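Working notes, structure below.
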Amino acid sequence: MGAMKCHLALLCFTFGIGAARAQPLLEEHAVQEAQSRLGLSAEVARVVSTSWSASQDQPAYILIQDIHCHGEAQSHIAQLIQNVQRLWGVRDIFIEGAFAKIKTHDLPSYFQDEATWPALTENGQMSGTELALLQSGKEKTGLELIGIDDRRLYRTNLQIYEQLNLAKADFLDDPLYKEHQALLEPLLDLRMTPASFADYQTHKPDLSASAHLSSAVRLAEQFYAVADQRSQAFLDNLAQKEITGPKVMVVGGFHTKALCARLTQEHQSYVVLRPNVTRAGYATIYENRLRESARLLQAPQVVALNN
């Protein structure tokens, strides 16, 4: 392959899952029923939201929330993909952070040694979708990964991340930042959930006295706005694909709210799955990978793969 290969993802989507909200009894019943119909162990993943009715043999969409570079989550994502393959013969898995079909020969050469797969997954080098692709190649189940991201919007999100990372030294000691740190820190670290971002918008402080802080906040707000645009692009691009069976998407948790809102508006059934995790400590690995990716993205002919 002549193009460079790199593994890219976006920071806000690592932290965009958040705690599950309290659910009405009717919705809780639907969630439990979907968990049972999928035959899922809670040790692997939980259904956190669904519009899949008992009268439908299968949901139109399955949204798997990604926790980037978290080894335990990635292993469970691979298991989830195998599960939907067994249930409905799903062959196509649609992913963010990529713009075309990905085959096993597009992956790094050191991925080909099966003995290294557990360690590569655990240390954040191999994603669950990549692991599932490699396992499919071994078992000849015909799995394909297909990118549904928007290249321009994706690049914009990553460039904003880079600019915010460089700007932090200018506002961390700002008294205005320290005064509102509880509200601003998750915003500027790009780790808000849709709910916490909505809360920020309701309680946004006046920062006009600090030019550096105001500029950084505008960048962060732009980041989340672009993230929502990417969510719409996922479904627009997926609508152009002709497939049978459920459309399985692996995307960061921040996208879930916008995706579910549109699917509800379009009367499409869906199930949202959250991989079970029992360990923390993956964020440093992810941020280091992201900084490297931000630099690589500036190079020509970069092909972005999901991780």
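Just so you know, all these numbers are worked out from the coordinates, no wet-lab data involved. Predicted model only: the values in this text are computed from it and were never measured. Because the Cβ atoms are built from the backbone with ideal geometry, glycine has one as well, and the counts that use them run over all protein chains shown.
Hey, can you grab everything whose amide H is under 5 Å from the amide H of SER49? Only 5+ residues off in sequence or another chain; H modelled, so Pro and N-termini drop out.
Long-range HN contacts for SER49: VAL272.
Along the Cα→Cβ direction, 7 angstrom out, place labels at SER214 and SER41. What is the inter-label distance in nm?
Calculated label separation equals 5.6 nm.
Let me make sure I get this right: for region 156-225, a, b and c are the square roots of the gyration tensor eigenvalues over alpha carbons, sorted descending. Under 1.5 in a/c it's rounded, otherwise prolate if a/b > b/c, else oblate. Which is it?
oblate
Work out from phi, with θ = phi - 60° and the Karplus expression 6.51 cos²θ - 1.76 cosθ + 1.60, the ³J(HN,Hα) of each residue of region 92-104, listed in order in whole Hz, and give x for Gly and Pro.
9, 10, 9, 10, 7, x, 8, 10, 7, 6, 10, 10, 4
Would you mind checking the pairs LYS101/LYS168; LYS168/LYS247; LYS168/LYS257 and listing those with alpha carbons more than 32 angstrom apart?
LYS101/LYS168; LYS168/LYS247
Sorted by mean Cβ packing within 10 Å, highest first, what order do the peptides 198-211, 163-176, 80-93 take?
Going from most to least packed, we get 80-93, 163-176, 198-211.
Can you list residues whose amide H is under 5 Å from GLY252's amide H, if they're 5+ apart or on another chain and H is modeled 1.01 Å from N?
HN-HN under 5 Å from GLY252: ASP66.
I'd like to compare 53-60, 190-197, 30-37: which one has the highest average count of other Cβ atoms within 10 Å, and what's the full order after that?
Result, highest mean first: 190-197, 30-37, 53-60.
Output ³J(HN,Hα) for region 33-50: one whole-Hz value per residue in order, computed from phi by the Karplus curve 6.51 cos²θ - 1.76 cosθ + 1.60 with θ = phi - 60°, and x for Gly and Pro.
Karplus values, whole Hz, x for Gly and Pro: 5, 5, 4, 5, 5, 7, x, 9, 7, 5, 5, 9, 6, 10, 6, 10, 6, 7.
Can you work out D for region 27-115 in µm² s⁻¹ from Stokes-Einstein, where Rh is the Kirkwood radius over C-alpha pairs, the temperature is 10 °C and the viscosity is 1.306 mPa s?
105
Between ASP170 and ASP236, what is the label-to-label distance in nm when each label sits 7 Å out along the Cα-to-Cβ direction?
3.1
Distance in nm between label sites at THR278 and ALA225, each 7 Å beyond Cα in the beta-carbon direction?
Distance between label points: 4.4 nm.
Pairs of Cα atoms under 8 Å, at least six residues apart: use those to get the relative contact order of region 156-225, whole percent.
Contact order relative to length: 49 percent.
Once phi is turned into ³J(HN,Hα) by the Karplus curve 6.51 cos²θ - 1.76 cosθ + 1.60 with θ = phi - 60°, what whole-Hz value does each residue of region 59-75 show in order, with x for glycine and proline?
Going residue by residue, I get x, 5, 9, 10, 9, 9, 6, 8, 10, 4, 6, 8, x, 5, 5, 5, 4 Hz, with x marking Gly and Pro.
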